[in-house]
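Reading through the structure tokens given below for one structure.
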Amino acid sequence: MKKIRVGLIGFGTVGTGVVKNILSNGELIAQRTGIRLELARVADIDLKRERDVKLDASLLTTDACKIVHDQSVDIVVELIGGLSPAREYILTALRNGKHVVTANKAVLSKHGLEIFETAREHNVEVLYEASVGGCIPIIKSLRESLTPNNILSIDGIVNGTSNYILTRMQQDELSFSAALEEAKRKGYAEADPSFDVNGTDSAQKLAILASLAANSWIDVDEIYVEGITHITQKDIAYAAELGYSVKLLAIAKFGADWVQARVHPALVPGDHPLADVWGVFNAIYVVGDYAGEMMFYGAGAGQKPTASAVVADIVDIGRNIKSAARKRVSSLPEVAMAKRLVPMEEIETRYYLRFTVIDRPGVLAKISAILGENNISISAVTQRERHAESAVPIMALTHSAKEASIRAALSKIDSLDVVKDKSVMIRIEGGE
Ligand code: HSE
């Protein structure tokens with residue numbers, strides 16, 4: 001039996017799950033792989049917190065440096081999240097010849113190049129399955145199973161908290177803030193939940209996925225990001241009546257020398273597989289030129305699913321150590337490609353628009369004239385009858401149009417005196 005010594009930095013929700021998994025399923029792992037995982041040390045700044053797992057006190061430390069410099073540790077597992085000191089711990093561990101497993105999408109999307117280069121120099125591995133999509137094996141699939149494919153597109157629901165909120169708003173008519181509070185209580189949200197709802201978390205995950213798929217480094221700071229904080233119950237209900245679900249999507253499309261990468265809410269047609277992803281579940285819909293359409297689905301957050309992905313990476317490295325394999329799968333492409341990130345104004349997609357207007361003859365004609373002047377073709381339009389309110393909503397769906405044209409048209413429409421509120425625009429994905 002090959003013993004693999006694991007040093008864990010971060011004994012929080014996921015760290016506790018990793019410890020529990022190694023203690024409860026270590027025998028199963030040993031039977032399957034011939035590898036016995038041993039917890040060498042566990043570091044956390046707060047050792048007093050109640051945890052539902054007991055560890056020998058001699059294994060615990062508040063000093064993570066003791067782990068990254070421990071000669072007996074084979075694999076350092078970084079689960080503290082954030083940029084610093086996570087980056088420093090990872091780099092030091094790699095320089096000390098240790099393999100690293102991390103769930104840290106923030107540090108990888110920002111400092112991935114430096115981390116992977118350092119791993120390459122020191123002939124060690126960095127695995128990071130848990131950084132995207134919880135337990136879903138999407139990174140392994142992109143790095144290994146889909147190697148012979150040009151990836152044409154990725155559409156992902158990669159933030160469980162946002163999906164949970166949108167689900168509760170659509171299915172149970174909860175307010176945004178009540179749904180967010182629930183997600184926090186259930187432990188899905190980030191330490192700073194604004195990262196979940198403003199799209200940052202999704203953008204970090206998209207940068208990782210898109211970089212893998214593109215053979216090119218996609219800078220997280222250049223990804224267009226729009227969150228769900230402005231999405232109202234009203235629009236979710238109108239979208240549902242029109243046959244769509246509203247989802248926060250991480251979208252990447254790939255050409256020979258270009259990449260589109262964007263995060264924003266989108267109307268997804270009811271018959272698209274992503275429309276049926278509810279609650280904290282994540283799903284990544286990938287199209288490869290040979291594999292065709294695939295959907296990867298599973299729990300995107302939570303202690304056990306995330307711990308499962310972390311331990312799977314530990315076992316993967318353990319297998320390499322056992323068979324004396326090194327860098328079997330490159331962290332960075334052997335030949336990287338320079339690709340142009342397409343500016344948001346140039347993208348073309350369909351749009352859901354909602355105008356708040358005075359119900360008076362000629363209003364719809366004025367709006368459709370402006371859309372027409374901007375080369376935007378309407379595919380469906382519906383108006384609510386006026387009751388007590390003085391203004392009424394008009395909802396329009398468009399055929400494919402340029403983002404720049406939509407922006408220009410909306411700015412002109414919003415300046416009309418019959419338009420009483422800022423118009424709402426939500427992109428439509430997964431259709432025409
Ligand atoms: N806060 C994240 C989410 C956790 O809601 O998806 C997993 O990255």
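The values are calculated or read from the model by the stated rules, or taken from the named source; none is laboratory data. Remember, predicted model here, so these are calculated numbers, not experimental data. A quick note on method: Cβ atoms are made from the backbone with ideal geometry, for glycine too, and the neighbour counts reach across all protein chains shown. Side chains included, ligands, DNA and RNA excluded: accessible areas come from the protein's heavy atoms. Shrake-Rupley method; radii C 1.70, N 1.55, O 1.52, S 1.80 Å.
Find, among the GluC sites (Glu not before Pro) in region 361-401, those assigned to loop by DSSP (not H, G, I, E, B) with at most 12 other beta-carbon atoms within 10 angstrom.
Those that pass, being in a loop and sparsely packed, are Glu385, Glu389.
Check which residues have an amide H placed less than 5 Å from Lys3's amide H, if you skip close sequence neighbours.
Excluding prolines and chain starts, which carry no amide H, the hits are Arg36.
When the Karplus curve 6.51 cos²θ - 1.76 cosθ + 1.60 is applied with θ = phi - 60°, which whole-Hz ³J(HN,Hα) does each residue of region 375-382 get, with x for Gly and Pro?
6, 10, 9, 7, 9, 7, 9, 8
Could you check which residue among Ala213, Ala291, Ala307 shows the biggest mean-square fluctuation in a GNM of the chain with a 10 Å Cα cutoff?
Maximum fluctuation in the GNM of the chain, among the listed residues, is at Ala291.
Considering only protein heavy atoms, what per residue accessible area in square angstrom results for the chain with a 1.4 angstrom probe?
Value for the chain: 43 Å² per residue.
Whole-Hz ³J(HN,Hα) for each residue in region 123-133, computed from phi via Karplus 6.51 cos²θ - 1.76 cosθ + 1.60 with θ = phi - 60°, x for glycine and proline: what do you get?
Here the 3J(HN,Hα) series is 6, 10, 9, 10, 10, 8, 3, 6, 6, 9, x Hz.
Cα centroid distance between region 330-345 and region 228-260, in Å?
Each part reduced to its Cα centre gives a spacing of 24 Å.
Looking at the chain as a GNM with Cα springs under 10 Å, which of Arg41, Arg350, Arg407 has the largest mean-square fluctuation?
Maximum fluctuation in the GNM of the chain, among the listed residues, is at Arg407.
Any idea how far apart Asp421 and Glu181 come out in nm if each label point goes 7 Å out from Cα toward Cβ?
2.4 nm
Evaluate E = 1/(1 + (r/R0)^6) for Trp258 and Asp289, where r is the Cβ-Cβ distance and R0 equals 22 Å; express this FRET efficiency to the nearest 0.05.
Given R0 = 22 Å and the Cβ-Cβ separation, E is 0.90.
In terms of modelled amide H atoms, which long-range or inter-chain residues lie less than 5 Å from the amide H of Trp258?
Arg340
Roll a 1.4 angstrom probe over the protein heavy atoms and tell me the percent of accessible area of the chain that is carbon or sulfur.
So the carbon and sulfur contribution to the accessible surface is 50 percent.
Amide H neighbours of Ile378 under 5 Å, counting only residues 5+ apart in sequence or on other chains, H built in-plane at 1.01 Å?
Here His399 satisfy the definition.
According to a simple spin-label model (label point 7 Å from Cα along Cα-to-Cβ), what is the distance in nm between His230 and Ser377?
Reported label-point gap for Ser377 and His230 is 2.8 nm.
Assuming 0.36 nm per residue, please report the length gained on full extension of the stretch Ala338 to Arg384 beyond their Cα-Cα distance.
Working it through step by step, the gained length comes to 11.6 nm.
On a full-extension model of 0.36 nm per residue, what is the gain between Asp219 and Asp63, subtracting their alpha-carbon distance, rounded to one decimal in nm?
Contour length minus the Cα-Cα distance gives 53.0 nm.
Report ³J(HN,Hα) in whole Hz for each residue of region 347-352, in order, from the Karplus equation J = 6.51 cos²θ - 1.76 cosθ + 1.60 where θ = phi - 60°; Gly and Pro get x.
6, 10, 7, 9, 9, 9
Antiparallel as a % of all DSSP beta bridges within the chain, to the nearest 5?
Restricted to the chain, the bridges split so that about 65 percent are antiparallel.
With label points built 7 Å along Cα→Cβ from the Cα atoms of Asp52 and Ala391, find their separation and express it in nm.
Result for the modelled spin labels: 4.9 nm.
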